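Nothing in this text is a laboratory measurement; each read-out follows from the coordinates by a stated rule. Just so it is clear, the model here is predicted, and its values are computed rather than measured. A quick note on method: Cβ atoms are made from the backbone with ideal geometry, for glycine too, and the neighbour counts reach across all protein chains shown.
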Amino acid sequence: MVGLRNLYKMISISHLEHYKVRPRLPRSVIEEHREGIIIGSACEAGELYRALLDKKPKQVIEELVNFYDYLEIQPLGNNRFMIESPKVESVHSMEDIIAINKQIVALGEEHNKPVVATCDVHFIDPQDAAFRKIIMAAEGFADADKQAPLYFRTTKEMLKEFTYLGEEKAREIVITNTNKIADMIEKIKPFPMIPFPRKSKEQMRSCARFVWIRQFPSMATHCLPLCRTDWKQS
């Protein structure tokens, strides 16, 4: 449970001591609380991917690789936006994105780091992109209409995404290494198991429904007809 305690500590520190627009953590804090934590290299926004885009020196790349427990690559569609982005000068085609993924795979082999294919999931089903579009538009993103396919893919879909690596390597990063990482994680309970009072579920549902109706009466009238009587009585 050391890792879980360290995770909670870092979450608290990021919110209380280093919050700026969003929670952040200096590397020194991560290294101080590293025990029991498994860290991957993240998506295209991660420092390893960015270092490869910027063509950083080999020494810098190696230091970054050695910091992580495993390296990550994502489906090509996730990073397609870089082709049209004026902020990314080194990517002009899907072949460039494939080359970066292959470079990460090679770094994993060179430094004995497992490479894992990750979806970088932001929503479950493809059609759920509509909700992320609304959120991003509200936050002022000019390209909110151009949603990347950041949905939860099946194993078969992920294998298809990485056919350019060959069948054996694709199975390694999609299935074998993914299970290796999963096996490294002990079974944890974020909260202790405690008995709940009788009828607590019904009480919680009733409370939530009451607050919702009070805050959004017109919406409740259309979406939850059964609550109209409760609202009028309240």
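Looking only at the range 71-102, which residues are in contact with a helix residue (DSSP H, G or I) (Cβ under 6 Å, 6 or more places away or on another chain) and under 25 Å from Val121 (Cβ atoms)?
Within the range 71-102, Leu71, Ile73, Pro75, Leu76, Asn79, Val88, Val91, Met94, Ile97, Ile98, Ile100 meet the criteria.
Which of the residues that make up the range 4-47 are surrounded by 14 or more Cβ atoms within 10 Å (Cβ to Cβ), under 17 Å from Val65 (Cβ atoms) and either in contact with a strand residue (DSSP E or B) (Cβ under 7 Å, 6 or more places away or on another chain) or touching a residue at least 60 places away in the same chain (Cβ under 8 Å) (or both)?
Hits for the range 4-47 are Gly40, Ser41, Ala42, Cys43.
How many residues does the range 74-104 hold that are among the β-branched types (Val, Ile, Thr) and not in a helix (DSSP H, G or I)?
2
Taking the criterion of being in contact with a helix residue (DSSP H, G or I) (Cβ under 9 Å, 6 or more places away or on another chain) and not β-branched (Val, Ile, Thr), would at least one residue in the range 121-133 satisfy it?
For the range 121-133, residues in contact with a helix residue (DSSP H, G or I) (Cβ under 9 Å, 6 or more places away or on another chain) and not β-branched (Val, Ile, Thr): present.
Per-residue answers, yes or no, for (1) in contact with a strand residue (DSSP E or B) (Cβ under 8 Å, 6 or more places away or on another chain); (2) among the polar types (S, T, N, Q); (3) at negative phi:
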| residue | (1), (2), (3) |
| --- | --- |
| Leu150 | yes, no, yes |
| Leu159 | no, no, yes |
| Glu168 | no, no, yes |
| Ile173 | yes, no, yes |
| Thr176 | no, yes, yes |
| Asp183 | no, no, yes |
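Taking the condition in a loop (DSSP other than H, G, I, E, B) and free of Cβ contacts under 8 Å to residues at least 60 places away in the same chain, does Lys187 pass?
Considered against the rule, which asks whether it is in a loop (DSSP other than H, G, I, E, B) and free of Cβ contacts under 8 Å to residues at least 60 places away in the same chain, Lys187 comes out as yes.
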